[in-house]
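Enquirer: Take this structure first; my questions come after.
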Amino acid sequence: HGTVVLNKGYGLANRVDAVRNTSETTFSAGSITKQFTAAAIMTLEMDGKLNTNDLMSKYLEGVPPDKSDITLHHLLTHTSGLVPDVGGDYEMAERDNTVRRILALPLEFVPGQRFEYSNVNYTLLAAIIEKLSGQTYETYLREHLFKPAGMQWTGYRVPMWTERVVARWYVGETDNGNS
């Protein structure tokens, strides 16, 4: 009935400094960003800027012959045949160089043949979002998804995270920072 029943954080946002999570703590979305990427691709399709049945070569330069049949739909559904990963999860990556690295690697299977979870599919989709929109990935998501949905504290570098507590990203005992 419009009354908040519980608004609290649990656990530690930073184990070393014993900073507790609060209801204001910001967390990394991790692979949930794939849903945002897919939603952004769908907004571009609704705007008539692409079709998910299009070949990725329509939007990315230098696609080699072995990858010429990969569609945006293959990328969205993890059926492209591309490798699962290129680089580490916490490494900064320059877009065009990363796209070239991905495209240079051999396919693991014929596109459309089977499902195989692949982060690089979404790296390529993010590059396509940037190229078609003329905006950075984050700016496009912020303007076309986050702001309209009232998600004022969702993003990567924006908003200014220094105003809020940002939880560290732990995998077991390994602290991977908060970026």
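The values are calculated or read from the model by the stated rules, or taken from the named source; none is laboratory data. Nothing here was measured: the structure is a model prediction, and the numbers come from that model. Don't worry about glycine lacking a Cβ; one is built from the backbone with ideal geometry, like all the others, and counts go over all protein chains shown. Just the protein is used for accessible areas: all its heavy atoms, side chains included, with ligands, DNA and RNA removed. Shrake-Rupley method; radii C 1.70, N 1.55, O 1.52, S 1.80 Å.
Enquirer: Rg and Dmax of the range 22-74, using alpha carbons, in Å: what are they?
Expert: 15.5, 51
Enquirer: Let me ask you something else. Kindly provide the Kirkwood hydrodynamic radius of the range 91-137 in Å, to one decimal, from all pairs of distinct alpha carbon atoms.
Expert: Hydrodynamic radius (Kirkwood, Cα pairs) of the range 91-137 is 12.0 Å.
Enquirer: For Glu94, what accessible area in Å² do you get when you roll a 1.4 Å probe over the heavy atoms of the protein chains, rounding to the nearest 10?
Expert: 100
Enquirer: In whole percent, and with a 1.4 Å probe on the protein chains, what portion of the accessible area of the chain is carbon and sulfur?
Expert: Answer for the chain is 53 percent, counting heavy atoms of protein chains only.
Enquirer: In addition: Quick one: if you take sqrt(5λ) for each eigenvalue of the C-alpha gyration tensor of the chain, what semi-axes come out, biggest first, whole angstrom?
Expert: Gyration-tensor ellipsoid for the chain: 33, 20, 14 Å.
Enquirer: A further question follows. Using the charge dipole of the chain (Lys, Arg: +1 at Cβ; Asp, Glu: -1 at Cβ; taken about the Cα centre), state which of Asn97, Thr139, Leu124 has its Cα farthest towards the positive end.
Expert: Working it through, the farthest residue towards the positive pole turns out to be Thr139.
Enquirer: Would you mind telling me which residue in Pro84, Pro65, Pro148 has the biggest mean-square fluctuation in a Gaussian network model of the chain, where springs connect alpha carbons within a distance under 10 angstrom?
Expert: Fluctuation is largest for Pro65.
Enquirer: So what does Phe109 come to for accessible area, using a 1.4 Å probe and Å² rounded to 10?
Expert: Result for Phe109: roughly 10 Å² accessible.
Enquirer: Restricting to Cα pairs below 8 Å that are 6+ residues apart, what does the relative contact order work out to for the chain? Please round to a whole percent.
Expert: Across the chain, relative contact order equals 25 percent.
Enquirer: At q = 0.14, 0.19, 0.20 Å⁻¹, what base-10 log of I(q)/I(0) does the Debye formula yield for the range 20-126 when every alpha carbon is treated as an equal point scatterer in vacuo?
Expert: -0.57, -0.98, -1.07
Enquirer: Shifting gears a bit: Over the range 29-154, average the accessible area per residue using a 1.4 Å probe and give it in Å², no decimals.
Expert: Normalised by residue count, the accessible surface of the range 29-154 is 52 Å².
Enquirer: Now for a different question. Using the alpha carbon gyration tensor of the range 52-94, what are the three equivalent-ellipsoid semi-axes (square root of 5 times each eigenvalue), largest first, in whole Å?
Expert: Values: eigenvalues 85, 32, 21 Å².
Over the Cα atoms of the range 52-94, the ellipsoid semi-axes are 21, 13, 10 Å.
Enquirer: Which of Gly155, Phe109, Thr25 sits farthest toward the positive end of the charge dipole of the chain, with +1 on the Cβ of Lys and Arg and -1 on the Cβ of Asp and Glu?
Expert: Of the options given, the answer is Thr25.
Enquirer: Okay, moving on. Run lengths n ≥ 4 of DSSP H only: what is the helix-derived mean residue ellipticity at 222 nm for the chain, with -39500 (n - 2.57) per run over all residues, to the nearest 500?
Expert: The helix-only estimate for the chain comes to -8000 deg cm²/dmol at 222 nm.
Enquirer: Using DSSP to call loops (not H, G, I, E or B), can you name the trypsin sites (Lys or Arg not before Pro) in the range 1-68 whose Cβ has at most 13 other Cβ atoms within 10 angstrom? Mind dumping the intermediate values first?
Expert: Working: sites: Lys8, Arg15, Arg20, Lys34, Lys49, Lys58, Lys67; in loops: Lys8, Arg15, Lys49.
Sparse-neighbourhood loop trypsin sites (Lys or Arg not before Pro): Lys8, Arg15.
Enquirer: Okay, next question. Using only Cα atoms and rounding to the nearest 10 degrees, what angle (0 to 90) does helix 95-104 make with the longest principal axis of the chain?
Expert: 50
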